Amino acid sequence: MRWFSFAHREPWHAGEQEFPRYRWVIIGQVIAQQQAAPFIFAMLGILLPAMQDDLAFSSVQAGWLGTARSAGNLLVFGASLYLVRFSPIKTFNAFILVLAGALFVGLLAPNFWVLLLSLAVYSVGVSWGQIPMNMVRLQWIPPREGATVMGLLLSANTITQMAGLILLPIAVHHVSWRVIFAGNCLVLVACAIGWLLTAYERVAPSYAAALPGGRGLGSAKTVLRRREFYLLGFATLGGATTFMTFMLFLPTYYTRERDISLQTAGFITAVVQLGGLAVNLAAGMISDRLGRRKPLIWPSGLVLPFLWFLMLAPLPPLGLGMVGFVLGAFAWMPFPIIQTIPLEIPGLSPSDRAVGQALQFTLQTSGQLVAPIAVGAAAAATGSYHTALMPLIVLPVAFAVCMLFFPETGPRGRAARPAEARATTSTEVVSRGE
């Protein structure tokens with residue numbers, strides 16, 4: 001098959017820079033795949049009422065479906081120790097096919113338990129696929145563009161989710177939720193074919209360690225001694241747990257307890273994504289220009305609890321939409337930066353960084369596993385999603401608290417470190433043969 005694949009044509013000549021223009025072909029496909037992969041999870045709140053009507057499951061079981069979205073993260077750290085040893089290009093494509101296969105099983109699900117299993121497997125594909133994706137980023141994205149590219153990726157993500165939240169409430173009145181699963185499955189298959197034909201392993205001198213032969217267990221020992229990944233994990237635990245749980249149950253809360261139509265509820269949650277779109281690209285670019293990361297993270301921890309409280313307040317739909325826009329901006333603003341920071345932590349090899357991000361995802365998962373089940377059970381016990389969701393509003397404070405103990409990793413922050421510290425870091429990497 002090698003003879004017809006575009007992936008093996010050299011796209012640059014020897015005189016060009018270390019990061020060629022062809023990188024945008026790879027980056028563009030990564031961005032496209034990252035829209036298709038979590039789409040069903042992002043739309044689960046909109047699809048949930050139709051699923052419940054079709055398969056007749058309870059609010060508690062709905063919480064289990066929400067938890068299934070994060071099941072793969074639970075084992076992602078252990079998986080990373082081995083996945084860093086394989087070709088990131090091939091492994092990345094394999095997980096795209098895992099996603100397509102899991103969706104195919106899900107759309108045929110005859111009962112709740114088959115659907116739950118398919119979404120759990122789908123979660124494995126989404127979360128474990130981040131490991132080779134991060135290795136691909138190290139090969140193809142220059143450090144100076146790290147936050148900007150992550151802003152592009154998350155901006156595209158918010159556009160996709162916003163469109164879905166507006167259109168799917170209309171679509172579910174005309175087609176089954178299974179048809180939506182099938183459409184997403186076909187998109188993932190197309191992504192896999194495009195990746196097979198165009199993506200290839202890029203061996204750059206300073207990034208050779210990102211290729212097969214990663215240190216695996218050695219990386220784990222290094223990462224477990226670094227407090228940075230623990231702080232990032234707990235920061236994202238607070239912000240992501242509240243965001244994902246609210247986005248799962250808000251449509252149900254609005255339709256059942258506020259007598260707001262599903263279309264209007266979908267529009268309100270779409271406006272949250274619109275606020276994220278407004279800030280995602282700008283946050284990455286501003287952070288790269290400032291050369292600092294922390295100033296775009298900690299403010300969200302102070303503002304978000306109040307904004308989430310307002311989303312549960314008895315405001316009219318227009319007021320909820322206005323609050324949702326501001327909330328979306330603050331909810332998304334830290335994430336282009338947080339996903340860039342692991343690439344900048346000094347003294348680590350590419351495999352260390354991939355394993356470190358896996359540790360971060362594992363810590364983040366603890367909240368995302370427990371919260372949907374707890375909210376579903378509390379809603380069933382009290383008869384109120386308002387009461388069940390209210391305790392979660394304090395969790396985003398973790399953004400501010402964790403940043404108090406986190407070192408600045410942006411270019412200006414690194415430049416401010418003593419020269420001897422930088423020299424020590426370089427010596428560490430060389431002594432490990434990286």
In the range 280-300, is there at least one residue being more than 20 Å from the chain's Cα centre (by Cα) and within 24 Å of Leu44 (Cβ to Cβ)? no
One residue from Leu327, Leu290, Leu320, Leu302 being over 25 Å from His174 (Cβ atoms), at pLDDT 80 or above and surrounded by fewer than 20 Cβ atoms within 10 Å (Cβ to Cβ): Leu302
Taking the criterion of being modelled with pLDDT under 80, under 19 Å from the mean Cα position of the chain (by Cα) and crowded, with 17+ Cβ neighbours inside 10 Å, would at least one residue in the range 388-399 satisfy it? no
Matching residues, the range 268-294, being in contact (Cβ under 8 Å) with a residue 24 or more places away in the chain, over 10 Å from Phe325 (Cα atoms) and either out of contact with any Leu (no Cβ under 7 Å at 6 or more places or on another chain) or polar (S, T, N, Q) (or both): Val279, Asn280, Ala282, Gly284, Met285, Ser287, Asp288, Leu290, Gly291, Arg292, Arg293, Lys294
When the range 64-107 is examined, which residues are found to be in contact with a Ser or Thr (Cβ under 8 Å, 6 or more places away or on another chain), open to solvent by 20 Å² or more (accessible area, probe 1.4 Å), over 23 Å from Ala220 (Cβ atoms) and in contact (Cβ under 8 Å) with a residue 24 or more places away in the chain? Arg69
Helices (runs of 4 or more DSSP H) enclosed by the range 1-82 - at least 3 residues per element that are modelled with pLDDT of 80 or more and β-branched (Val, Ile, Thr): 23-36
Looking at Ser118, Ser123, Ser155, which one is within 25 Å of Ile27 (Cβ to Cβ), hydroxyl-bearing (Ser, Thr, Tyr) and in contact with a Gly (Cβ under 6 Å, 6 or more places away or on another chain)? Ser123
Failed criterion for Phe309 (all others in (1) over 27 Å from Thr409 (Cβ atoms); (2) among the aromatic types (Phe, Trp, Tyr); (3) modelled with pLDDT of 85 or more; (4) buried (at least 18 other Cβ atoms within 10 Å of the Cβ) hold): (4)
Sole residue being modelled with pLDDT under 85 and either among the aliphatic types (A, V, I, L, M) or in contact with a Gly (Cβ under 9 Å, 6 or more places away or on another chain) (or both), chosen from Leu186, Leu211: Leu211
Scanning the range 334-368 for residues that are more than 14 Å from the chain's Cα centre (by Cα), farther than 17 Å from Phe406 by Cα and not aliphatic (A, V, I, L, M), which turns out surrounded by the fewest Cβ atoms within 10 Å (Cβ to Cβ)? Ser366
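The values are calculated or read from the model by the stated rules, or taken from the named source; none is laboratory data. These figures come from a predicted structure and were not determined experimentally. Heads up, the Cβs are rebuilt from the backbone with ideal geometry, glycines too, and the neighbour counts pull from every protein chain shown. Accessible surface is based on the protein model in full, side chains and every heavy atom, while ligands, DNA and RNA are left aside. Shrake-Rupley method; radii C 1.70, N 1.55, O 1.52, S 1.80 Å.
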